[in-house]
Amino acid sequence: MAATIPKHRALPDKENKLFRELLMQYEMKQYKKGIKAADTILKKFPNHGETLALKALTLHASLPEPLTVSAVPKKEESEAMARLAVKKDITSHITWHVLGILAKSRKDWDEASRAFAMARKQDSDNIPLIRDSISLFTHTRQYSAAVAARHHYLLLRPQIRASWLGLMIAHQLNGDLEEALEVYNGYLSTLQKDGATGPEKSQVLLHVIKICIEAGKDQEGLDKLRQGVRDGVISPRADDLTLPAQMLTNLGRQEEALQTYQELLEQNPDNLEYYRGYLKSKGIDMTGEITADSREKILETLSSFAETFPRSSAPKRLALDVAEGDKFAELARAYIVKGLERGVPSLFVDVKGVYSDSAKLNAVGEIVEEIVSKLEKEKSLNDDGSISPPTVLLWAYYYLALHLSHPLHPNPSHTRSLKLLDLALAHTPTLPELYMAKAMVLKRAGDALGAAYEMEKARLLDGQDRFLNGKAAKYWLRAGEITKAEELLAMFTKKDLTPVQDLTDLQCLWFLQEEGDAYKRNGNLAMALKRYQALAKVFQEYEDDQYDFHTYCMRRMTFSAYISLMRYEDQLRSHPGYFKGALSGIEIYLNVHDDPSITEEKLSAEDEAERKKAAKKAQKAEQKAKKAAAATGDKNDPVVPDEDPTGMKLLKTETPLDDALRLWKPLERLAGQRIETWLAGYEIYSRKKLYLAALRCLNNAHALSPHNADLHVQLLNFKRLTSDALSISGNGNEAQIKQVIDAQLPALLPSESLQQYNDSFLARGDVTPTSPEEIFAVARGKLEIEPKDIEGAVSVLSKLGDEGVPPSIEIMGKALKYIQRHVAGQDADGAVESLRSKFAGRSRLASVFKSAEEKQAYRERLEKVAAEENGVGEA
Amino acid sequence: MDIRQATIDDLLGMQNANLLNLPENYTFKYYLYHALTWPELSYVAVDPQGRVVGYILAKMEEEPSDEPSGHVTSISVLRPYRRLGLANKLMKQSQEAMVAHYNAAFITLHVRKSNRAAISLYRDTLGFEVHAMEKSYYADGEDAYGMRYVFKKPTPA
């Protein structure tokens, strides 16, 4: 149907010919010629929308990647031109299409999806437009719109396989499984021979079976699967075989299900899920509460599997989770002895999984002590008197050292751990694992610097090992030695980039988090924030990465994997990597809000020197980039430099709370099961004086864990902030807000005397012994109720250093900082000092409680020892 | 350690393990490309805390000259988790999947010429043989050995 061309769009023959050439030149990537042609048309018809659009598109396509300084204005010009083009010709599919393409290249998916929808209104049967629209609707989770577009596409292209299967997937994503299966049946009856390869057919059929399972049609799924195996489409292996196992269990066909799991275990006896599935089809659910009766049955089954699969540790390890009492001790001893004899370094991380049960922790401790003393006395673990190799004792020392310093240990002994490791080192001084263990013990004892020196020794024993290199770098970061850490990391990163740049490009989450933390501890909040924001940006990349796969997976027919991708992306930011970084960033924004003066630079001489060094480095890098650009012909046109190399622009934000909220929003949506989400939300909303939102956070936190220590303080804080309607200043509905608060707060915070409530938090019956978190919370509670009661707070805090309270260096450190902040300007130095010396006595190795002189002396000693050791090494 | 087929949820854990352990690294999208093209071929080893401590990232040759063949893009076990035979188990699972799903005739991999530990693992434990030498295969200019392992054909009945 040839619609009449509207007047403002029509061009005379000559220009019309140029316009068609312009299209061609764009396709052929002849951008210079294209722009010239566009300019010729625009000279005569400056308001011709479609020409403007194509010029914008061509200009945009000609930009260098990565963007250089001189290209920045061209980019802006192209974007402005694309917008102007739409204004000049609002009924053209070309102008909207170009606007959409440019938005897509900015990864502004929402705007792109709107623009493509507008373009389709003008030209509804345009295939490329529909394809892009489908991807954009799917990407932005507009599933019903995606179904409609897919449907339209199928009507236009019914002979293509992907049209049918794409519609099936669109229905599934839209939650309509019946419709999805319906489309699949339609596909079968329409396209008999579709030329798919074997693996492709198998992918399609397996996915359809998964849809059947999701729709509760296990029998139909099972029939399809059996047919598929008979036809040779499906190979009965691994995850493909878990499908029938799952369906048979659902259908209650126990015998067949057991047999299928048996087959699976023979394929892979190290898969825990297969054991769980086997037991489940026997009617025993391992994930719930286990009765004495079923415990015995589980252990029997596992022990027979352990005999069938002697090379797999899985059944033996699973048994440790299930067994109790003497049975546990018996199984654990055998497991541990075997691990020690094989010299498995990971034995401790493997077994410590059972430590959440304190009885098991104690039992394991006794077992290993017994092993150590038997080996020391008799040099043998066997009753027949045969000598055990000396490495068994070495690994037993190693295990015991890690055990005694574990945070869950009720009475940790870091000094004994270190002695044990020295005994092991006397035997084998060249085993990096022993130094790594020493480093870990010192870290747990609060001596970050000592720990870094030990990790460095491990690294020096095997300089080619990236794992040791990264560990050492991480430990230097923990000790605040950022430059040193980066120097080490550079040994394994690209030579033409800084290690920070390379590791950021490679999306190295641990590094961004740890270096951010290091900057934060060193007081450089700007750089810390820069790293945390880089972390958030990596997660944006992870989200954007899925875009290409909306079409790719339809082509490759990997539908199951694609559906998992979609579901994964929907909860991407509940990943601990994002979670931790976001909370760290939020904390800085809160600090900036509370005290904007911290954004003023107060650099120590050391930082100043480092800053100057960094500036010099940046200058050098710029010169290098210029040189490189010159070599490729682009003289003096370097890549657009980092606009905020020091992070100061980020830190000097005018809207810290809004910035914090931007990091928090994904947590609200995707990490609602973590109490930290709501605790952080409260801190933001209470500062924004949005008291109902703050109350909602308190409610959610309370529902997750009513006796959480931080929540306790927040409730008292909220009470203080909202004690009278006057303090709820805002938009005129203070009285109503106050009413809601008065109605809801009593469920969270008893209305008895607050003092009494706060004091009773420690004496509650449900927790023994008192945890450091709770002591710290009560002290803060005191100052929430009566800000002048420093004495009372200090006396509570001093309990943190009592015998019988687990010595948490982290909490003691926080407590000291907290009280220092509160006594600022008051005559209470004595009280703070007594607290510090008490904490120092309780954790003798921890550096945070040492004076600056003590720390300096320690540092010098470590440096000297290291230098001597290296000197000896070189001689 | 739990050994199972890798899912999309495991890819970030694999990326993390790779960055900790090896000098050859990839962005997330490359892991996606593997998982969304050959979802059956990559495996992970996971510790009781749910952390990926070992992985094999594998693919099929996109344009095979004659018979279909598999390729190991990357395999690695975190240093503290060695001596458990994990690499061996991961490799075995991936190989069986290549044969079962794609009818692979053989499997190839690249290894740094200087990486004697890895060469010995592939050759002595896993039965690979050096097939070719590739000059300056790695970004830093080091040569690679191309190694391959030919799958035994099931004897016809």
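Taking amide H positions as modeled 1.01 Å from N, with prolines and chain starts lacking one, no residue 5 or more places away or on another chain lies under 5 Å from A:PHE761. Given +1 at the Cβ of Lys and Arg, -1 at the Cβ of Asp and Glu and no other charges, the dipole of segment A:331-388 around its Cα centre is 160 debye to the nearest 20. For n ≥ 4 DSSP H runs only, could you compute -39500 (n - 2.57) per run for chain A, divide by its residues and tell me the 222 nm figure to the nearest 500? Helices in chain A give a 222 nm mean residue ellipticity of -22500 deg cm²/dmol. So how far, in whole Å, is the C-alpha centre of segment A:58-128 from the one of segment A:1-44? When both Cα centres are located, 17 Å separates them.
Look at the stretch A:311-318: the mean tally of other chain Cβ atoms within 10 Å of its residues' Cβ atoms is 2.
Once C-alpha pairs closer than 8 Å and six or more residues apart are averaged by separation and normalised to the residue number of chain A, the relative contact order reads 6 percent. Considering segment A:422-523 at the alpha-carbon level, its Rg and Dmax are found to be 13.9, 44 Å.
For segment A:401-480, what does the alpha-carbon gyration tensor say about shape, rounded, prolate or oblate, given a ≥ b ≥ c as the root eigenvalues, a/c under 1.5 as rounded, and a/b over b/c as prolate? Note, shape of segment A:401-480 comes out oblate. Based on alpha-carbon atoms, the Kirkwood radius and the radius of gyration of segment A:374-423 give Rg/Rh equal to 1.08.
Only helices enter the 222 nm calculation for chain B: every DSSP H run of n ≥ 4 contributes -39,500 (n - 2.57), and dividing by all residues gives -7500 deg cm²/dmol, rounded to 500. Dividing the alpha-carbon radius of gyration of segment A:98-146 by the rule-of-thumb value 2.2 N^0.38 Å gives 0.99.
Using Cα pairs closer than 8 Å and at least 6 residues apart in sequence, work out the relative contact order for segment A:771-868, in percent.
RCO, segment A:771-868: 24 percent.
The H on the amide N of B:VAL53, modeled in the peptide plane, is under 5 Å from the matching H of B:ALA45, B:VAL46, B:ASP47, each at least 5 residues off or on a different chain.
Using equal-weight Cα scatterers in the Debye expression, the normalised intensity of segment A:500-593 in log10 at q = 0.10, 0.15, 0.18 Å⁻¹ is -0.34, -0.64, -0.81. Just so you know, the averaged projected area of the alpha carbon convex hull for the protein assembly as shown sits at 51.1 nm². For segment A:686-721 versus segment A:264-323, the spacing of their alpha-carbon centroids is 43 Å. The spacing between segment B:62-137 and segment A:541-559, judged by their C-alpha centroids, is 27 Å. Taking the number of Cβ atoms within 10 Å of each Cβ as an exposure proxy, the fewest-first ranking of A:GLU676, A:GLU515, A:GLU863 is A:GLU863, A:GLU676, A:GLU515.
How charged is the neighbourhood of B:TYR138? Take every other residue with its Cβ under 11 Å from the Cβ of B:TYR138, and add Lys/Arg as +1 and Asp/Glu as -1. Could you put the intermediate results ahead of the total?
On the way: positive: B:ARG112, B:LYS113, B:LYS135; negative: B:GLU24, B:GLU134, B:ASP140, B:GLU142, B:ASP143.
Net charge around B:TYR138: -2.
Contact order, relative form, for chain B: 18 percent (alpha carbon pairs under 8 Å, 6 or more residues apart, mean separation divided by residue count). For segment A:1-123, the ratio of Cα radius of gyration to the globular rule of thumb 2.2 N^0.38 Å stands at 1.03.
Computed on segment B:72-151, the Cα convex hull volume stands at 98 Å³ per residue.
In the neighborhood of A:GLN142, defined by Cβ-to-Cβ distances under 11 Å, what is the net charge if each Lys or Arg adds +1 and each Asp or Glu adds -1? For residues surrounding A:GLN142, the net value is +1. Per residue, the convex hull spanned by the Cα atoms of segment A:252-299 amounts to 72 cubic angstrom. Taking a sphere under 11 Å around the Cβ of A:ALA445 and counting the other residues whose Cβ falls inside, with K and R at +1 and D and E at -1, yields a net charge of +3.
Principal axis analysis of the Cα atoms in segment A:635-724 yields extents of 64, 30, 20 Å, listed in decreasing size. Shape class of segment A:484-548 from the Cα gyration tensor (axes a ≥ b ≥ c, square roots of the eigenvalues): oblate, since a/c reaches 1.5 or more and a/b does not exceed b/c. Sorted from greatest to least, the principal axis extents spanned by the alpha carbons of segment A:771-868 come out as 55, 32, 15 Å. The ratio of the alpha-carbon radius of gyration of segment B:1-148 to the globular-protein estimate 2.2 N^0.38 Å is 0.99.
The numbers here are math on the coordinates, done by the rules we state, and not lab data. Source: prediction; values computed, not measured. Note that each Cβ is placed from the backbone with ideal geometry, even for glycine, and that neighbours are counted across all protein chains shown.
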